[in-house]
Amino acid sequence: MTRIVNLGVLASGSGSNLQSLIDNIEKGALPAAIRVLVSNNPSAFALERAKKHGIPTAVIEHGGFARREDYDRRIVDALNDRGVELVVLAGFMRVLSAYFLRSFPMRVMNIHPALLPSFPGTHGQKKAFDYGVKFSGCTVHFVDEGVDTGPIIIQAVVPVCDTDTEETLSRRILKEEHRIYPEAIKLYAEGKLLVEGRKVRILDHPLPEDSPRHNPPVTDF
Ligand code: GAR
């Protein structure tokens, strides 16, 4: 039987990914409960979204801490106080310390707006757009000590069109983010994610279509 997973969501900005988790939980599609929303940014709109849905919030600003670990300790305490099992980074624009990751081993997920390992770090959408790739997308992965280097759980691919701007591409990617993040957390809740070194095996999951996609479409040679 699927259990309810206690989540702690960390967000620095708008929080549209947080919203997609809230919506999926509220409609019964995602067996999880958000125990706390933590932000390093007091003006993050994510805080408003959480409050509107009765989710406890904590603003922990990063200024004034001598070491990254001292700051992370505060967040870890806030998460543990609320009984959080899985930490969900939803546009949290800070790198986590080894201390943090030791506190939640393979229990921190992140969403990145590009097809990792391409275009890690900030502004993944812009980097892919400027590079001229024909496909980009988004990636949910477990967090390790590198920047966007942890084991990949699920990816979605979107085409890049000639008429795109960075903004239209970002919107197309974000729409997929809102689909794959709840899916990844659901798989975790169902106990279907098996981490084997760099690889995440997904138990009892249908195989994807194996038909290749082309952009632009190619002649049927
Ligand atoms: C999302 O596009 C997410 O992939 C990205 O920040 C945005 C947050 O949007 N994260 C990163 O770039 C992390 N390196 P949201 O606040 O509307 O969820």
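For the residues 180, 153, 173, 185, the requirement of being among the β-branched types (Val, Ile, Thr), more than 30 Å from residue 103 (Cα to Cα) and under 15 Å from the mean Cα position of the chain (by Cα) singles out 173.
Within the range 94-107, can you find the residues that are more than 13 Å from the ligand (Cβ to nearest atom) and free of Cβ contacts under 8 Å to residues at least 60 places away in the same chain? Result: 97, 98, 99, 100, 101, 102, 103, 104, 105, 107. Every condition in (1) surrounded by fewer than 19 Cβ atoms within 10 Å (Cβ to Cβ); (2) closer than 24 Å to residue 100 by Cβ; (3) away from the ligand (no atom under 14 Å from the Cβ) is met by residue 51 except one, and the failing one is (2).
For the range 20-34, a tally of residues being touching a residue at least 40 places away in the same chain (Cβ under 8 Å) and either surrounded by fewer than 20 Cβ atoms within 10 Å (Cβ to Cβ) or in a loop (DSSP other than H, G, I, E, B) (or both) returns 3.
The residues listed here are 142, 135; of these, the one that is more than 11 Å from the ligand (Cβ to nearest atom), under 25 Å from residue 216 (Cα atoms) and of a type outside the set (D, E, K, R) is 135.
Within the range 140-182, the residues that satisfy the criterion of being among the charged types (D, E, K, R) and surrounded by fewer than 16 Cβ atoms within 10 Å (Cβ to Cβ) are 145, 162, 166, 167, 171, 175, 179. There is at least one residue in the range 178-187 that is within 16 Å of the ligand (Cβ to nearest atom), of a type in the set (Asp, Glu) and closer than 22 Å to residue 213 by Cβ.
Only the coordinates and a few stated rules stand behind these numbers; no lab work does. As the structure is a computational prediction, the values presented were derived from the model and not from experiment. All Cβ positions, glycine included, derive from the backbone under ideal geometry; neighbour counts span all protein chains shown.
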